[in-house]
Amino acid sequence: DTGVSQNPRHKITKRGQNVTFRCDPISEHNRLYWYRQTLGQGPEFLTYFQNEAQLEKSRLLSDRFSAERPKGSFSTLEIQRTEQGDSAMYLCASSLGAGRGEQYFGPGTRLTVT
Amino acid sequence: EDKVVQSPLSLVVHEGDTVTLNCSYEVTNFRSLLWYKQEKKAPTFLFMLTSSGIEKKSGRLSSILDKKELFSILNITATQTGDSAVYLCAAGPRAGGTSYGKLTFGQGTILTVHP
């Protein structure tokens, strides 16, 4: 399967714990995006990478959130000191470079903070 | 603040009906309008539209963009139960602006097709 993959698929954690999610994009895609989706809403943009450079972060991304893409391939999203409001589906998407705007999504990581 | 609004929020039809889903947008430096289908998993890509008035078609699905009136429609003809899903509309900016390609999504239209 050459689509976007995400791990883990589900994560249950206690409030205050740190969690880390991983995203592996489609291999030839140099752009990688993180979105968050809550029930009944469309995905909300969190952050975006072109190769290893993080080019934009949403205001939604508080200082408890950090994302990396160290070698321009896979990316990680870490949430420190989780809160119940962080419970959501975290989606990763990837796309080719300029002029090819369609983004392809991974299966998502569902986070539940108890 | 970029905004995408979809209507209706939900729609219930019977197999064989034709449906039209609406999407209006206000996005700085608009470049593209995308439609996705979401069943209990991640969104799957349907269409990307960048030019006004040119219909894109895939089987029973078609979509068109009006850049003057800032809206798009998604049509599904001869609906089937397998079309039941949330349909998401998203707008993206021109590359090279202050937003490098983030998509702003609407809330989605929940389509339910009964046999």
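The values are calculated or read from the model by the stated rules, or taken from the named source; none is laboratory data. Owing to the predicted nature of the structure, the values given are computational and were not obtained by experimental measurement. Note that each Cβ is placed from the backbone with ideal geometry, even for glycine, and that neighbours are counted across all protein chains shown. Accessible surface is based on the protein model in full, side chains and every heavy atom, while ligands, DNA and RNA are left aside. Shrake-Rupley method; radii C 1.70, N 1.55, O 1.52, S 1.80 Å.
In the context of the full protein assembly, residue A:31 retains an accessible surface of approximately 20 Å², using a probe radius of 1.4 Å and ignoring ligands and nucleic acids. Taking amide H positions as modeled 1.01 Å from N, with prolines and chain starts lacking one, no residue 5 or more places away or on another chain lies under 5 Å from residue A:73. A simple spin-label model places the labels of residue A:22 and residue A:38 2.9 nm from each other, with each point 7 Å out along Cα-to-Cβ. Counted without the sites themselves, the longest stretch of chain A free of GluC sites (Glu not before Pro) in a DSSP loop having at most 12 other beta carbon atoms within 10 Å is A:29-82. Legend: distances between Cα atoms for B:3/B:68; A:14/B:37; A:57/B:37; A:14/B:3; A:11/B:3; pairs beyond 22 Å are A:14/B:37; A:57/B:37; A:14/B:3; A:11/B:3. Mean-square fluctuations from a GNM of chain A, with a 10 angstrom spring cutoff on Cα atoms, peak among A:55, A:46, A:91 at A:55. Note on A:34-44: average number of Cβ atoms from other chains within 10 Å of each residue's Cβ is 5.
The gain in end-to-end length when the residue A:71 to residue A:83 segment is fully stretched comes to 1.4 nm, 0.36 nm per residue minus the alpha carbon separation.
Projecting label points 7 angstrom from Cα along Cα→Cβ for residue B:78 and residue A:63 puts them 5.9 nm apart. Its relative contact order, with pairs defined as Cα atoms under 8 Å and 6+ residues apart, puts the range A:4-70 at 21 percent. Compute the label zone of residue B:26 within the range B:66-83: residues whose backbone N is under 17 Å from the point 7 Å along Cα-to-Cβ. Residues passing the 17 Å test: B:67-72. Using a 1.4 Å probe over the heavy atoms of the protein chains, calculate the carbon and sulfur portion of the accessible area of the range A:27-114 as a whole percent. Solvent-exposed carbon and sulfur of the range A:27-114 make up 45 percent of the total. Averaged over its residues, chain A has an accessible area of 50 Å² per residue, based on protein heavy atoms and a 1.4 Å probe. Largest GNM mean-square fluctuation among A:53, A:93, A:67, using chain A with Cα springs under 10 Å: A:53. With R₀ set to 45 Å, the beta-carbon distance separating residue B:41 from residue B:66 gives a calculated FRET efficiency near 0.90.
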